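Asks: Following this message is one structure expressed as structure tokens.
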Amino acid sequence: MTRFSVPQMTCGHCKSSIEKAVASVDADAVVEVDLTTREVSVRSDANTEMLIEAMKSAGYDAHFLS
């Protein structure tokens, strides 16, 4: 899984927006969102930059963690 920090993510709407953004790049992606730590874990065939750009397009600055 690839982990991202998404500091602006604070609520269920944010979670849904992130999940939709990732799905727009890879419909088969597995997305786990932790609102407490404001981290998103993604299992996807899409590359990291594509995932970051999708989240940015949804209005969230995502930063690669691991």
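No lab work stands behind these numbers, since they all come straight from the coordinates. Being a predicted model, the structure only gives us computed values, none of them experimental. We place every Cβ from the backbone using ideal geometry, glycine too, and count neighbours over all the protein chains shown.
Asks: Can you give the angle from 0 to 90° between the axis of helix 12-25 and the longest principal axis of the chain, with both taken from C-alpha atoms, to the nearest 10?
Replies: For 12-25 against the chain, the angle is about 10 degrees.
Asks: Can I ask one more? Which percent of Cα pairs goes in each bin when the distances of the stretch 11-66 are cut into 5 angstrom slices starting at zero?
Replies: 4, 22, 36, 28, 9, 1
Asks: Treating only the Cβ of Lys, Arg, Asp and Glu as charged (+1, +1, -1, -1), what charge dipole size does the chain show about its Cα centre? Round to the nearest 20 debye.
Replies: The dipole magnitude comes to about 200 debye.
Asks: Per the helix-only calculation at 222 nm, which mean residue ellipticity applies to the chain, given -39500 (n - 2.57) for every DSSP H run of n ≥ 4 and division by its residues, nearest 500 deg cm²/dmol?
Replies: Working: 2 runs with 24 residues, N = 66.
Taking each H run of at least 4 residues, the total per residue is -11500 deg cm²/dmol.
Asks: Around Ser44, under 9 Å between beta carbons, what's the net of Lys plus Arg minus Asp minus Glu among the other residues?
Replies: Taking every Cβ under 9 Å from that of Ser44, the sum is -2.
Asks: Using the Karplus equation 6.51 cos²θ - 1.76 cosθ + 1.60 (θ = phi - 60°), what ³J(HN,Hα) coupling, rounded to whole Hz, does each residue of the stretch 54-66 give in order, writing x for Gly and Pro?
Replies: Residue by residue, the stretch 54-66 yields 4, 5, 5, 5, 7, x, 10, 7, 9, 10, 4, 10, 6 Hz.
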